[in-house]
Amino acid sequence: MEYVWLALAVAVMVFLAWVGFRIEPHWVSKDRSRFICNAQLLTEQGEPVGRFRETKILVEPTGELLVDQRKLFRRRMSAWRLVAESDDPPRRRAVFLLRGHDAQHRPAMLAVRVPATSPIVPTLRDIADRRGSDR
């Protein structure tokens, strides 16, 4: 009987660890000018650099996005432009592509992943549409 309880406890811990890895951080302010999501740095050719990281983003009235990513104990804030939305995002997600510069000031891209039902999605789509009509 002891082994059954031990196996049950281990199964619960494994399940909780699995759920913890599946949950993505996400928060949107009431005025939709700030949000927290996952983002991954990409090279200019679209190759991923590292993994998805928790990212804080501030949406400026001009449409520019100020991105704040924390790496170990350092914070790095930089300005990015929203250029497109992914045509084929993962299930129940929306992915937006930003263009800017990495820590070494080389041109780079950033993939921003948010839930498809998030209140920030219409705001980001509006910015992408405005950028598209500016060209």
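The values are calculated or read from the model by the stated rules, or taken from the named source; none is laboratory data. The structure presented is a predicted model; accordingly, all values stated were derived computationally and were not measured. Quick reminder, even Gly has a Cβ in these numbers, built from the backbone with ideal geometry, and neighbours come from all protein chains shown.
Conditions tested, residue by residue: (1) touching a residue at least 24 places away in the same chain (Cβ under 8 Å); (2) touching a Phe, Trp or Tyr at 6+ places or on another chain (Cβ under 7 Å).
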position: A9; (1), (2): no, no
position: A17; (1), (2): no, no
position: R22; (1), (2): no, no
position: D31; (1), (2): no, no
position: F35; (1), (2): yes, yes
position: E44; (1), (2): yes, no
position: V49; (1), (2): yes, no
position: R53; (1), (2): no, no
position: L65; (1), (2): yes, yes
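Entry remark, the stretch 1-26: residues being more than 23 Å from R81 (Cβ to Cβ) and within 16 Å of the chain's Cα centre (by Cα) number 5 in total. Listed by first and then second residue, the pairs linking a residue in the stretch 101-113 that is touching a residue at least 24 places away in the same chain (Cβ under 8 Å) and closer than 14 Å to Q45 by Cα to a residue that is assigned to a strand (DSSP E or B) and small (G, A, S), with Cβ atoms under 6 Å apart and 6 or more places separating them unless they lie on different chains, are D102/A108; L110/A39. If you go through the stretch 24-46 and keep only what is closer than 27 Å to A108 by Cα and either surrounded by fewer than 10 Cβ atoms within 10 Å (Cβ to Cβ) or of a type in the set (K, R) (or both), you end up with R32, R34, Q45, G46. Looking across the stretch 124-134, the residues that are under 18 Å from R32 (Cα atoms) and basic (K, R) come down to R125, R130. Name the residue that is nearest to C37 (Cα to Cα), counting only residues in the stretch 85-123 that are among the small types (G, A, S) and modelled with pLDDT under 90. By that ranking, first place goes to S86. Selection of the stretch 79-89 for residues being assigned to a strand (DSSP E or B) and free of Cβ contacts under 8 Å to residues at least 24 places away in the same chain yields only A79.
The listed residues are R92, R76, and the only one of them that is surrounded by fewer than 16 Cβ atoms within 10 Å (Cβ to Cβ), of a type outside the set (A, V, I, L, M, F, W, C), touching a residue at least 24 places away in the same chain (Cβ under 8 Å) and farther than 23 Å from F21 by Cβ turns out to be R76. Among residues that are within 15 Å of V114 (Cα to Cα), of a type in the set (A, V, I, L, M) and surrounded by fewer than 11 Cβ atoms within 10 Å (Cβ to Cβ), I57 is not included. Among the criteria (1) under 16 Å from A39 (Cβ atoms); (2) surrounded by fewer than 17 Cβ atoms within 10 Å (Cβ to Cβ), the one G63 does not fulfil is (1).
Looking at the stretch 1-78, the strands (runs of 3 or more DSSP E) lying wholly inside it that each contain 3 or more residues that are of a type in the set (D, E, K, R) sit at 48-59, 65-71. Filtered by the rule that a residue be charged (D, E, K, R), exposed (fewer than 12 other Cβ atoms within 10 Å of the Cβ) and not in a helix (DSSP H, G or I), the stretch 95-135 gives R106, R135.
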